[in-house]
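A quick write-up on the structure given underneath.
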Amino acid sequence: MDKLAIIGGRPLYGEVAISGAKNSALKVMAAALLTDEKLTLTNVPQLADVDMLARLLAQHGALIDFNDGTLTLHAKDIVSTEAPYDLVRKMRASFNVLGPLLAREGKAKVSLPGGCAIGARPVDLHLKALAAMGAEIELDEGYVIAEAPDGLKGADITLPFVSVGATEHTMLSAVLAKGVTVIENAAREPEIADLAKCLAAMGAKIEGAGRSTIRIEGVDRLHGAEHRVLPDRIETGAYAMAVGATGGELTLTGTDGQLLGAALAVLEEAGLKIDETDKGLRVRKSEERCKAVDIVTQPYPGFPTDLQALFMALMATAEGATSVKETIFENRFMHAPELSRMGAKISVDGQNATVRGVARLKGAPVMATDLRASMSLVIAGLAAEGQTMVNRVYHLDRGFERLEEKLQNCGALIERVKD
Ligand code: UD1
């Protein structure tokens, strides 16, 4: 398994092109199953998760071409309505093929998903929404077997708590349903509005995406379209925090500060200067050391759970004590012991953590069990004295496009070590 060797302590200077959002690309890709015409997606990041979903869609019958960020998907005929365990278990977003297959073919058999090891992550809300839309659902040996021989029907769906995946899955299922679907307490993440934009370009009728109530009027058929995936807000936050950890100045091109939601103000309060420019965002540090800022993870526009681990790495060398409360996932502090190996002072109590800033971290061999936690170790490594070896790079390959190349171009000493 590949590793990343990082020699810390070098400020970052230069430009980083922010990639298209992984979490949006994976959902708009699933939309390709809803039409027999071609869907062209641009600004698609070259990531292991994108490849994995492309393999699954190919297995359902989509013809796929991926070249230089442009992904075309043409599901003229659906040749299989079964999504096997091997292709779904590694990535939770694969589960989103269930609704589109059901909407188009009236049946589907999809393995229950896997993904990052950050808690139980059930799919009960997805299944309840599909059941409300008339699907008959059975669970059998790790598979969801669903049927809707007369098609899905519009329904009023109130999510008991905000779920990005359930909101998107319901949207993907409702666009071809008979009648009107209303989703209450919908997630408001920018990726939801991006999915709605793509579906609308395909002929869907959606109102309110990006707000708490989404109204979808089902249509008989969708057609081909072209859609540009929005910039990755988590990657944007990651490079901004890298500047916070190391100093220097980066221009993050092709992105937008508003996508960061509450994280923008938090980073500014912590001591980053973030300015919008024609190209994107210019990020630098106003003080030698960042200041501690307390955070609570919340659905968008709150502080994103996907930046929580990275922010803890930044706060590990901040002045003062930071309190971090994780409210989205129950088991998302696995990076804490690894950061502690580098000299961070972190105590964890259930869903709360306290980070007491130290002057300097020290490089160490570390590893993480999920994607975002791995990135927090990279940020810590960039800030630390000496060498950090980040193991299990395959997590990073799932979600951060050309990570070491982008960092090297800005002066970081980071190298992939092949095993
Ligand atoms: C998506 C993102 C992930 C991000 C998360 C929260 C993708 C591919 N992944 O994940 O990076 O961290 O949003 O912003 O877009 N839940 C249930 N039952 C369900 C569905 C969810 O209990 O049926 C729970 C989850 O376990 C979690 C919470 O709801 O505790 C929120 O999860 P959700 O918003 O659905 O996250 P994902 O869509 O899986």
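Annotations for the structure displayed:
- Selection status of S347, part of a helix (DSSP H, G or I) and not basic (K, R): no
- Considering segment 38-60, and only residues there that are in a strand (DSSP E or B) and open to solvent by 10 Å² or more (accessible area, probe 1.4 Å), the residue that is farthest from the ligand (Cβ to nearest atom) turns out to be K38.
- Pairs meeting the criteria (first residue in segment 116-131 and outside the structural domain of Y394 (by TED's automatic domain parsing) and of a type in the set (K, R), second residue near the ligand (Cβ under 6 Å from one of its atoms) and at pLDDT 70 or above, beta carbons under 9 Å, at least 6 apart or on different chains) are R121/R92; R121/G165; R121/F329; K128/A166.
- Criterion violated by T167 - all others in (1) open to solvent by less than 10 Å² (accessible area, probe 1.4 Å); (2) over 23 Å from the mean Cα position of the chain (by Cα); (3) polar (S, T, N, Q) satisfied: (2)
- For segment 12-32, the candidate set comprises residues that are away from the ligand (no atom under 16 Å from the Cβ) and open to solvent by 20 Å² or more (accessible area, probe 1.4 Å); within that set, the residue that is nearest to L73 (Cα to Cα) is A17.
- Test result for N391, within 20 Å of M91 (Cβ to Cβ), among the polar types (S, T, N, Q) and within 22 Å of the chain's Cα centre (by Cα): no
- Checking every residue in segment 299-318 against the condition of being without any contact (Cβ under 8 Å) to a residue 60 or more places away in the chain and open to solvent by 40 Å² or more (accessible area, probe 1.4 Å) gives zero matches.
- Applying a threshold of 6 Å to beta carbon distances and a minimum spacing of six or more residues, or different chains, the list of pairs starting in segment 166-185 at a residue that is within 19 Å of M202 (Cα to Cα) and ending at one that is of a type in the set (S, T, Y) reads A174/T181.
- No other residue among T388, T322 is in the same structural domain as L267 (by TED's automatic domain parsing), in contact with a strand residue (DSSP E or B) (Cβ under 6 Å, 6 or more places away or on another chain) and more than 23 Å from T297 (Cα to Cα) apart from T388.
- Among the candidates T35, T70, T81, residue that is more than 16 Å from the ligand (Cβ to nearest atom), under 30 Å from D2 (Cα atoms), among the hydroxyl-bearing types (S, T, Y) and outside the structural domain of S374 (by TED's automatic domain parsing): T70
- Only one of the listed residues (I64, I78, I137) is touching a residue at least 24 places away in the same chain (Cβ under 8 Å) and of a type in the set (A, V, I, L, M, F, W, C). That residue is I78.
- The C-beta contact set for segment 371-384 (first residue over 9 Å from T246 (Cα atoms), second residue within 16 Å of the ligand (Cβ to nearest atom) and outside any helix (DSSP H, G or I), distance under 7 angstrom, 6+ apart or interchain) comprises L371/C116; A373/M334; S374/A368; M375/F400; L377/A368.
- Criterion: at pLDDT 95 or above, hydrophobic (A, V, I, L, M, F, W, C) and over 25 Å from the mean Cα position of the chain (by Cα) - qualifying residue of I64, I78: I78
- Here segment 337-371 is the region considered, the condition is being open to solvent by less than 10 Å² (accessible area, probe 1.4 Å) and within 16 Å of the ligand (Cβ to nearest atom), and the residue that is modelled with the highest pLDDT is L371.
- Selection over segment 402-419 of residues that are in contact with a Leu (Cβ under 8 Å, 6 or more places away or on another chain) and buried (at least 18 other Cβ atoms within 10 Å of the Cβ) gives a count of 6.
- Applying the criterion of at least 1 residues that are among the acidic types (D, E) and within 16 Å of the ligand (Cβ to nearest atom) to the helices (runs of 4 or more DSSP H) found wholly in segment 220-336 leaves 233-246.
- Against the list (1) closer than 23 Å to A196 by Cα; (2) open to solvent by 40 Å² or more (accessible area, probe 1.4 Å); (3) of a type outside the set (D, E), the condition K90 fails is (1).
The values are calculated or read from the model by the stated rules, or taken from the named source; none is laboratory data. As the structure is a prediction and not an experimental result, all values here were calculated from the model. We place every Cβ from the backbone using ideal geometry, glycine too, and count neighbours over all the protein chains shown. When the accessible area is computed, the model is the full protein with side chains, heavy atoms only, and any ligands, DNA or RNA have been set aside. Shrake-Rupley method; radii C 1.70, N 1.55, O 1.52, S 1.80 Å.
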